[in-house]
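As structure tokens, the structure follows; a few thoughts come after it.
Rule-based calculations on the coordinates, nothing more; no lab input. Owing to the predicted nature of the structure, the values given are computational and were not obtained by experimental measurement. Because the Cβ atoms are built from the backbone with ideal geometry, glycine has one as well, and the counts that use them run over all protein chains shown.
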Amino acid sequence: MSRFILTFMAAISISVASIQCVQAENLIKNADIAYGEYLAGECVTCHRSGAANDGIPNISGMDADSFVYILQSYRSKELENKVMQLVASRLDDEQIASLAVYFASLSSK
Ligand code: HEC
């Protein structure tokens, strides 16, 4: 493959990555922490704060950008986990972002 095509493809994948980044940032800017707290009621039956237990990770204090990215990846089924795929399939981007800012605001302990 020519050098030109390789460079071109690299440039496209970099711009796709940065578009996704900007989208996550805009979502987080418009997120509503109180709405996130309300939605989190469903999550904390499994995700208790403190140490991870029974294979369920602690998500309190998680960075909001990563949180959005992970939930969107469960929703698109890029990340494998039947339970989380189902949970994420019911959330829109605004709800994911609100959950992200809420959980990011919690202590990770
Ligand atoms: C029925 C239990 C259950 C419920 C309810 C649930 N989760 Fe999960 N969640 C899990 C399990 C189990 C995993 C680990 C999946 C894996 O190992 O791939 C997980 C993983 C995650 C992760 C990735 C954590 C990491 O460190 O990789 C995030 C973020 C997350 N859940 C957010 C949520 C949110 C937000 C909600 C509520 C809207 C929610 N979960 C509801 C069981 C649950």
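Based on C-alpha pairs under 8 angstrom that are at least 6 apart in sequence, the chain has a relative contact order of 38 percent.
Using the beta-carbon distance between residue 29 and residue 3 and R0 = 41 Å, what value does 1/(1 + (r/R0)^6) give for FRET efficiency, to the nearest 0.05? Intermediate values should be presented prior to the final figure.
Details: r = 39 Å, r/R0 = 0.95.
So, using R0 = 41 Å, E works out to roughly 0.55.
Over region 3-105, the Kirkwood radius and the radius of gyration, each from Cα atoms, give a ratio Rg/Rh of 1.06.
Compared with the alpha-carbon gap, the fully stretched path from residue 76 to residue 46 is longer by 8.7 nm at 0.36 nm per residue.
Relative to the current alpha-carbon distance between residue 11 and residue 63, full extension at 0.36 nm per residue lengthens the span by 16.0 nm.
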